[in-house]
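Structure, as structure tokens:
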Amino acid sequence: MIIVNLDVMMAKRKMSLNELSEKTGITLANLSILKNNKAKAIRFSTLEVICKALDCQPSDILEYRGD
């Protein structure tokens, strides 16, 4: 299972969902889907923009958990 730790990174950077949306151009609805682990996929371009805005690596946001 892949876990999206977007909420953790946002908390570390003290950034709100609204602020991240403004910095990335990603809608609040799409960010909310990612933040709440409801996403089935993520584009590399989306991941790149989020990592740039949060000054982090993809591994800071995505985590693999085995069964």
For a label point 7 Å along the Cα-to-beta-carbon line of N30, residues of the stretch 39-67 with backbone N under 16 Å: 39-54
Quick check: the distance between the Cα centres of the stretch 10-28 and the stretch 51-67, to the nearest angstrom? 15 Å
Identified option (computed Cα Rg over 2.2 N^0.38 Å; candidates (i) 1.07; (ii) 1.01; (iii) 1.22): (ii)
Sorted by average packing, counted as other Cβ atoms within 10 angstrom per residue and highest first, what order do 35-44, 3-12 take? 3-12, 35-44
Once you have the Cα-Cα distance between L62 and F44, take 0.36 nm times their residue separation minus that, and quote the gain in nm to one decimal. 5.3 nm
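Computed from the coordinates by the stated procedures, all read-outs in this text should not be read as laboratory data. Being a predicted model, the structure only gives us computed values, none of them experimental. Cβ: placed from backbone, ideal geometry, glycine included. Neighbour counts: every protein chain shown.
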